[in-house]
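Asker: Here's a structure for you.
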Amino acid sequence: MDDAGCLEPPRDRVNHIPTTGTSNSTTQEASTPISIDRIGSEVKKMAGAGELKLLGMWASPYVSRAKLALHLKGVSYEYVEEDLGNKSELFLSSNPVHKTVPVLIHGGRPVCESSIIVQYIDEAFPGSGVLLLPADPYERAVARFWAAYIDDKLAAPWGKVYRVETEEERAEYMRQTHAAVDALEGGLEECSKGKAFFGGDGVGYVDVVLGGLVSWVRAGDRLSGGRLFDEAKTPRLAAWLERFGELDAAKAVLQDVDRVVEYSKQFLPK
Ligand SMILES: N[C@@H](CCC(=O)N[C@@H](CS)C(=O)NCC(=O)O)C(=O)O
């Protein structure tokens, strides 16, 4: 997924988008013929944490990161679905620089960029749920390194696969994505020290950053008939994908894979 516009439908294909409801409704978004996202209202039932609002868009893997972090911390929040084709005043004034979701608004103050939001949630609610960032400064630096790697080297070319015009371009971006996945296998080994997650025995910051992409990984696999996290080439990541998907937080928060498959089809070359 590359930055701004990664999931905003191309204008010339806008009529094919299965959105039918109103935009910017609090707690739940536009209804679609495929399914209804109940993620926000589920998480809302959790322990209180003051005035916390998440501006998102159901399909965004970046928004999923923020939702995962909030769920893992057990922090309640109000979810507001944004219509990226018709951005709200609140959204534009909260993230005037990038104009992208997610935006977390805490006590009226906006925090932007998914990985910064995840770190903010971890630091702002240190007593709740799990601690996502390692306590040790060196391990924290290593976790931040791999989180940045996921964004820059894996998600960026992979997002472009949904934006290309030709099969050659698609193949090149897939090649770059696979190379990043191969390197990330080493990152998982380094961070986990042989344990289940990047965070060790439990999920941590890198797990949340990669975890936001899980429904898109599965949707991509379904569409391609292959495996991005291939058992033979990257066995650790393949096992991680299964393990992560079994977490309560993942089940509560991540998008329905069929819905992502339908949604993502509009971005693929016809
Ligand atoms: N680097 C950003 C990327 C966020 C992003 O690209 N969000 C997309 C949705 S997946 C977006 O809001 N696009 C709206 C637009 O570009 O107008 C982050 O990590 O939060």
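Asker: Given a Förster distance of 30 Å, report the FRET efficiency between D152 and E242 from their Cβ-Cβ distance, rounded to the nearest 0.05. Each step should come with its number before you reach the end.
Answerer: Values: r = 26 Å, r/R0 = 0.86.
The calculated FRET efficiency here is 0.70.
Asker: Only loop residues by DSSP count here, and only those with at most 16 other Cβ atoms within 10 Å; note down the GluC sites (Glu not before Pro) in the stretch 175-264 that meet that.
Answerer: Answer in residue order: E231, E246.
Asker: Can you tell me the equivalent ellipsoid semi-axes for the stretch 184-260? Use √(5λ) from the Cα gyration tensor, largest first, whole Å.
Answerer: Sorted largest first and rounded, they come to 20, 16, 9 Å.
Asker: Which of G187, G199, V161 sits closest to the plus end of the dipole of the stretch 137-265, meaning its Cα is farthest towards the positive end, when Lys and Arg get +1 and Asp and Glu get -1 on the C-beta?
Answerer: G199
Asker: Report the full-extension gain for the segment D136 to K99: residue separation times 0.36 nm, less the Cα-Cα distance, to one decimal in nm.
Answerer: Details: separation 37, 0.36 × 37 = 13.32 nm, distance 3.37 nm.
Difference between extended and current length: 9.9 nm.
Asker: Which of the residue pairs K73/K195; K160/K193; K160/K195; K99/K160 have a Cα-Cα distance greater than 23 Å in the structure shown?
Answerer: K160/K193; K160/K195
Asker: Per 0.36 nm of contour for each residue apart, how much would the distance between E169 and K265 grow if the chain were fully extended, relative to their Cα-Cα spacing?
Answerer: Net length gain for the segment: 32.9 nm.
No value in this document is a laboratory result; all are computed from the given coordinates. The structure displayed is predicted, hence computed values, not measured ones. When we count neighbours, we look across all protein chains shown, and the Cβ atoms used for this are built from the backbone with ideal geometry, even at glycine.
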